[in-house]
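The values are calculated or read from the model by the stated rules, or taken from the named source; none is laboratory data. Values in this document were obtained by computation on a predicted structure and should not be read as measured data. Note that we place each Cβ from the backbone using ideal geometry, even for glycine, and neighbour counts take in every protein chain shown.
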Amino acid sequence: MKKFRGTGVAIVTPFRNDLSIDFASMEKIINHIISGGADYIVLMGTTGESPTLTKDEKKALITFTADTIARRVPLVIGIGGNNTQEIINQVKTTDLKQASAILSVAPYYNKPTQRGLHEHFKAVATCSPVPVIMYNIPGRTGCNISAETCLQLAHEFDNIIGVKEASGNFEQVARIIKGKPDGFHVISGDDLFTLPLIAAGGSGVISVIANAYPAEWSGMVDLCLRQNYKAARETLFKFLEILDLLFVEGNPSGIKAALSIMGLCQNNLRLPLVPVSNHTFTRFRKAMEELK
């Protein structure tokens, strides 16, 4: 599972002005990411606005993305939710032949106990024909996969191969890295925490910023994995303003503003998400020009 070491990109879903999926822009972004040296692509995550996609759109998006990638890099498909049986149904009915793994977010809104989280991921792992990467982001879900629960699942199920950790709790991350089995990936779910997480023994990042800057961010991650933290810090510090702007009005509003400035897609989102304010957009343009 070395294929999940390095930089994964949580790819956006571009929309036309009528809010239909813009497959031409999707192709441009995929090729931009791959040519920039990213290690794998994660489709239909939070950054891909997956809650607003219909079943037919998800099916079309998986087929198009897999065909466009053409096995140049691994593809991870987001399949998660707060109804365990529905997730099982989705896993069983989704075409995963060209997927290297699924990314499954912790159940949101229901606020399950740790035992409930264990049983949920046990059910997902048992039915999945491909490896499973858990996604812990309590700021969005309202529940946290504890270090103990994560490690229990990692040791019990061979096909639970990693966790995308976006808890912001570095003690928790360190405990997972300390106790994990060999080959289990602890992946940063926050671009800003990529460097310290890798320094502690993590595997890399599933990145938002790498939609726009895949070469620069993949290069920084590679430097971290080679333990050249001095050079990696230079890239991190260079992008601090952009990283702040990406999330100041929410994700993926920030990254879509950046991609529209680069001419890779239009600045369209589906409600309840909206584009960033004119003030933030102007700050984006200025910060991106200063990077050149």
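Worth a mention:
- Enumeration of residues in region 243-271 that are aliphatic (A, V, I, L, M) and either farther than 11 Å from Asn211 by Cβ or in a helix (DSSP H, G or I) (or both): Leu243, Leu245, Leu246, Val248, Ile255, Ala257, Ala258, Leu259, Ile261, Leu269, Leu271
- Residue in region 11-29 that is closer than 24 Å to Gly162 by Cα, touching a residue at least 60 places away in the same chain (Cβ under 8 Å), buried (at least 17 other Cβ atoms within 10 Å of the Cβ) and not small (Gly, Ala, Ser) present: yes
- Scanning region 1-34 for residues that are more than 17 Å from the chain's Cα centre (by Cα) and of a type in the set (S, T, N, Q) returns Asn17, Ser20, Ser25, Asn31.
- Cβ pairs under 8 Å, 6+ apart, first in region 266-290 and closer than 17 Å to Leu19 by Cα and among the hydrophobic types (A, V, I, L, M, F, W, C), second at pLDDT 95 or above and outside any helix (DSSP H, G or I): Leu269/Phe15; Leu269/Glu49; Leu269/Pro252; Leu269/Pro275; Leu273/Glu49; Leu273/Gly250; Leu273/Pro252; Val276/Glu249
- Yes/no for Thr282 being hydroxyl-bearing (Ser, Thr, Tyr), at pLDDT 95 or above, outside any loop (DSSP other than H, G, I, E, B) and loosely packed, with under 13 Cβ neighbours inside 10 Å: yes
- Residues in region 33-59 that are more than 24 Å from Phe193 (Cα to Cα), surrounded by fewer than 20 Cβ atoms within 10 Å (Cβ to Cβ) and of a type outside the set (S, T, N, Q): Pro51, Leu53, Lys55, Asp56, Glu57, Lys59.
- Residues satisfying the stated conditions in region 179-200, i.e. surrounded by fewer than 17 Cβ atoms within 10 Å (Cβ to Cβ) and either without any contact (Cβ under 8 Å) to a residue 12 or more places away in the chain or under 19 Å from Asp222 (Cβ atoms) (or both): Asp182, Pro196, Ala199, Ala200
- The condition of being among the charged types (D, E, K, R) and in contact with a strand residue (DSSP E or B) (Cβ under 8 Å, 6 or more places away or on another chain) holds for only one of Asp39, Asp18, that being Asp39.
- Residue check for Ala258: among the small types (Gly, Ala, Ser), on the phi < 0 side of the Ramachandran plot and surrounded by fewer than 20 Cβ atoms within 10 Å (Cβ to Cβ): no
- Positions within region 195-209 being assigned to a helix (DSSP H, G or I) and within 17 Å of Thr46 (Cβ to Cβ), in sequence order: Ile209
- Only one of the numbered conditions (1) of a type in the set (Val, Ile, Thr); (2) buried (at least 16 other Cβ atoms within 10 Å of the Cβ); (3) part of a helix (DSSP H, G or I) is not met by Val276, and that is (3).
- Number of the exception - Gly80 against (1) farther than 19 Å from Lys256 by Cα; (2) in contact with a helix residue (DSSP H, G or I) (Cβ under 6 Å, 6 or more places away or on another chain); (3) of a type in the set (Gly, Ala, Ser): (2)
- Leu223, sole failed condition from (1) out of contact with any Lys or Arg (no Cβ under 7 Å at 6 or more places or on another chain); (2) outside any helix (DSSP H, G or I); (3) surrounded by 17 or more Cβ atoms within 10 Å (Cβ to Cβ): (2)
- Of the strands (runs of 3 or more DSSP E) contained entirely in region 60-149, those carrying at least 2 residues that are in contact with a Lys or Arg (Cβ under 7 Å, 6 or more places away or on another chain) fall at 132-136.
- Some residue of region 93-104 being of a type in the set (S, T, N, Q) and within 16 Å of Met134 (Cβ to Cβ): yes
- Region 226-236 - residue that is out of contact with any Phe, Trp or Tyr (no Cβ under 8 Å at 6 or more places or on another chain) and of a type outside the set (Lys, Arg) and, of those, surrounded by the most Cβ atoms within 10 Å (Cβ to Cβ): Ala232
- Across region 35-56, the number of residues qualifying as outside any loop (DSSP other than H, G, I, E, B), in contact (Cβ under 8 Å) with a residue 60 or more places away in the chain, under 17 Å from the mean Cα position of the chain (by Cα) and farther than 18 Å from Arg140 by Cβ comes to 1.
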